[in-house]
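S.K.: One structure follows; several queries about it will come next.
What follows is calculated from the coordinates using simple rules that are stated; it is not laboratory data. Values in this document were obtained by computation on a predicted structure and should not be read as measured data. So basically every Cβ, Gly included, is an ideal-geometry build from the backbone, and we count neighbours across all protein chains shown.
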Amino acid sequence: MSTIAPEVFIQSKKGFMVQITRPAQGEALASLILVHGMGEHPGRFSNWAEDLASTGITTFRYPQQGHEGRKGKRGHCLGLDSLMDDLDSVLELASVQQPIFLLGHSMGGTVVSNYILRRKPAQVAGVILSSPYFKLAFQPPAWKMALANAMNGIWPSLTQPTGLNVNHISRIPDEVHRYTTDPFIHDQMSVAFFQAIHPAGQYALTKAQEWGTPILIGHGLRDAITSSTASQQFYSDVPNTTFKKSFWVEQGYHELHHEPERAAWLQEQVKFVQEICSGACSFPF
């Protein structure tokens, strides 16, 4: 008998569809909203959602602006507030009968961390950040930075290739192949999207000492896309009075959920959720 219920889709109040993966039987231990990274889509986390469901965790996945499943130009968004409004609308769909967790990967980690710091949602029991985009692990070309600044008020929907090196996604060649052959993945980022996310990562870094929500951060220390050093700095600056855990992978690349350490990373997330739900860190706060 399957431990996973058939996947369902629910429309958010903003019109986009939310995928929900639930345990097959009984009440879920917790609900988790998964926020994907730049250029990808919720479908890339289907196996992850199923694995979480098998442990009793319901996941809600949705497409971010500028990505497959949303209307509008690929790689473009209406700004940070609009991205956080999207997350807010999904949070409304999650059951308030259970602890609610947020999981943000890469650029999704920027959205999630800013959502917590700026909007301080009381109903969120814990946050998981996967290779969050606080800083890039490389310096964008100076001309790209200048173009983004110059065009922000003139042509915010202007898109440019992100320049992502796909070989930095994972050490597993099959995962890189799956990424490069996925028709729903793109490499575009608009001026407005960059201006929404890049400064927001730095903002979160400077506000880490104000963080009070239980948090788990995972990052590969050989990530050449987002800075693991920035993640370690953020984790260090989060007050020790906050329930916090880390998962640093010495040889890890950007997508820990597609790395050889995948099972250990999943186990760490499940353990984090279970500890909070069992009272190691009391909920509600």
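S.K.: Alpha carbon centre of segment 39-94 versus segment 144-208: separation in Å?
M.R.: 16 Å
S.K.: Taking +1 at the Cβ of each Lys and Arg and -1 at the Cβ of each Asp and Glu, which of ILE215, GLN195, SER170 sits farthest along the dipole of segment 8-277 towards its positive end, judged by Cα position relative to the Cα centre?
M.R.: In segment 8-277, that residue is GLN195.
S.K.: For segment 216-277, what does the relative contact order come out to in percent, with C-alpha contacts under 8 Å and a separation of six or more?
M.R.: 41 percent
S.K.: Among ARG61, ARG262, ARG22, which one moves the most in a GNM of the chain with springs linking Cα atoms closer than 10 Å?
M.R.: ARG262
S.K.: Give, as ranges by residue number, the residues of segment 177-192 whose backbone N falls under 13 Å from the point 7 Å along Cα→Cβ of VAL166.
M.R.: 177-188, by backbone N distance to the label point.
S.K.: Just grab the label-to-label distance for MET145 and ALA24, each label 7 Å out from Cα along the Cβ direction, in nm (one decimal).
M.R.: With each label placed 7 Å out from Cα toward Cβ, I get 5.3 nm.
S.K.: If you don't mind, another one. What is the magnitude of the charge dipole of segment 133-236 about its Cα centre, with +1 placed on the Cβ of each Lys and Arg, -1 on the Cβ of each Asp and Glu, and no other charges, expressed in debye to the nearest 20?
M.R.: On the way: 6 positive and 6 negative charges, 44 e Å.
So the dipole magnitude of segment 133-236 works out to roughly 220 debye.
S.K.: Please compute the modelled spin-label separation between THR3 and GLN274, points set 7 Å along Cα→Cβ, answer in nm with one decimal.
M.R.: Roughly 1.0 nm, to one decimal.
S.K.: Where in the chain are the helices, taken as whole DSSP H runs, whose Cα atoms extend 18 angstrom or more along the long axis and whose Kyte-Doolittle mean reaches at least 0.5? Show your work: numbers first, answer last.
M.R.: On the way: long enough: 80-93 (21 Å, 0.43); 191-206 (23 Å, 0.69); 262-277 (23 Å, -0.07).
Span-like helices in the chain: 191-206.
S.K.: Per residue of the chain, what 222 nm ellipticity follows from adding -39500 (n - 2.57) for every DSSP H run with n ≥ 4, rounded to the nearest 500?
M.R.: Taking each H run of at least 4 residues, the total per residue is -10500 deg cm²/dmol.
S.K.: Put a dot 7 Å past each Cα toward the Cβ at GLN123 and LYS73; how far apart are the dots in nm?
M.R.: Here the modelled spin labels are 3.4 nm apart.
S.K.: A follow-up question, please. Within the chain, what percent of beta bridges assigned by DSSP are antiparallel, to the nearest 5? List each step's numbers first, then the result.
M.R.: Details: 12 of 39 bridges.
Percentage antiparallel, nearest 5: 30.
S.K.: Same structure, new question: Need one number for segment 136-216: average projected area of the convex hull over its C-alpha atoms, nm².
M.R.: Projected area, direction-averaged: 7.7 nm².
S.K.: A further question follows. Please say if segment 36-167 is rounded, prolate or oblate, where rounded means a/c under 1.5 for a ≥ b ≥ c the square roots of the C-alpha gyration tensor eigenvalues, and otherwise the choice is prolate for a/b larger than b/c and oblate otherwise? Intermediate values should be presented prior to the final figure.
M.R.: Working: a/c = 1.97, a/b = 1.70, b/c = 1.16.
Taking the square roots of the gyration eigenvalues as a ≥ b ≥ c, segment 36-167 is prolate.
S.K.: Where the only charges are on Cβ atoms (+1 Lys, Arg; -1 Asp, Glu), what is the dipole of the chain about its Cα centre, to the nearest 20 debye?
M.R.: 580 debye
S.K.: Let me ask something else. With springs only between Cα atoms under 10 Å apart, run a GNM on the chain and tell me which of GLY26, GLY72, GLY252 wobbles the most.
M.R.: GLY26
S.K.: Related question: Normalised by the number of residues in the chain, what is the relative contact order in percent for Cα pairs under 8 Å and 6+ residues apart?
M.R.: 19 percent
S.K.: Highest GNM mean-square fluctuation, the chain, Cα pairs closer than 10 Å: which of THR159, THR226, THR21?
M.R.: Of the options given, THR159 has the highest mean-square fluctuation.
S.K.: Based on the Kirkwood radius over alpha-carbon pairs, what is the Stokes-Einstein translational diffusion coefficient of the chain at 20 °C with 1.002 mPa s viscosity, in µm²/s?
M.R.: My calculation gives 113 µm²/s for D.
S.K.: Along segment 34-43, what does the Karplus equation 6.51 cos²θ - 1.76 cosθ + 1.60 (θ = phi - 60°) give for ³J(HN,Hα), rounded to whole Hz, x for Gly and Pro?
M.R.: Running phi through 6.51 cos²θ - 1.76 cosθ + 1.60 with θ = phi - 60° gives 9, 10, 6, x, 5, x, 9, 7, x, x Hz.
S.K.: Treat every Asp and Glu Cβ in segment 67-188 as -1 and every Lys and Arg Cβ as +1, leave all other atoms uncharged, and give the resulting dipole magnitude about the Cα centre to the nearest 20 debye.
M.R.: Working: 11 positive and 10 negative charges, 60 e Å.
Taking the Cα centre of segment 67-188 as origin, the dipole is about 280 debye.
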